[in-house]
Each structure stands twice: as C-alpha cells, then as structure tokens.
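Here is the structure we will look at.
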C-alpha cells in the first residue's frame, strides 16, 4: 500500500467529514455511517497495520509511542490532515485543537481505550485540549485535523 492508495481508501470518510461541524453530533454520525465493525473501518485498520509493517506509517517515536503525519491537508481530503499514532499504556503530550480533532480508535488489545473511548469514533471540538491517553493495552488512533491545526502546549 502506498500513501496515495491510503488517501483514496479514506476518501469516503474525508468526504463525509469535510465541511461538517466538528462536534459530538459528528461522532454519532461517523459511528452510524462507518461503525467499528464495518468493512471500511476494518479495511482502514488493516491498511494501517500493513503500512506500519512497511515502515512508512508511525515511523517516528519509540516503543509505546509511534506516530507520524500521513497526509497533509489539501483539496483531496477536504482540508483534513491525517495522522496515525500507535500508543501502548501511554499518556501523550498536552495539546489544543484549534479547529477540532476527529479520531478513529482501533484497539490492538481488546480492552484498550483511547481517552476512555472504545473502538469507533470520537470527537474533540474546536478549542478543546487533552493529553491523548491509551489505557489497558495498545491502540492505533487515526486522527484528522481540519486545516492540519494542532497546538502542543508543553504542559
């Protein structure tokens, strides 16, 4: 799989998200349209694992926290950037979401949770902040940022 193929695979999701308000209603809509047991969700997850094995996804960091931007924001993604992180029982760096954050949670360990959320989608509204936290094992998190905006606070 190449980055272009991965971007094309995400197109139904990025087309659906583009232009929508980043709020809890979007999480409900994503979980309804692309649930954690859907073919597309499973295909995206398998593509993430394959890309990590190939070495072009989650190429930065070290054991317990691998990460990397996969796609810069652009017209082909409706202005969304796409990043993927692989976290294992980890509390990440504090950051803000000036334009929001759309997260696809893919537990590797069955009990793993991302900020308390199981497999599926969660949303962080514009202006929100957090320390991304995976508990009870390992999870992959694909996150999309409108206009690619994120602010690490150093807290």
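The values are calculated or read from the model by the stated rules, or taken from the named source; none is laboratory data. Just so it is clear, the model here is predicted, and its values are computed rather than measured. Ideal geometry is used to build each Cβ from the backbone, glycine not excepted, and the neighbour counts take in all protein chains shown.
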Checklist line | Selection within segment 1-22 - at pLDDT 95 or above, in a loop (DSSP other than H, G, I, E, B) and exposed (fewer than 14 other Cβ atoms within 10 Å of the Cβ) | finding: 21
Margin query: Exactly one of these conditions fails for residue 48: (1) in a strand (DSSP E or B); (2) modelled with pLDDT of 95 or more. Give me its number.
Written below: (1)
Margin query: Every residue in segment 128-152 that is surrounded by fewer than 18 Cβ atoms within 10 Å (Cβ to Cβ) and not in a strand (DSSP E or B), please.
Written below: 131, 147, 149, 150
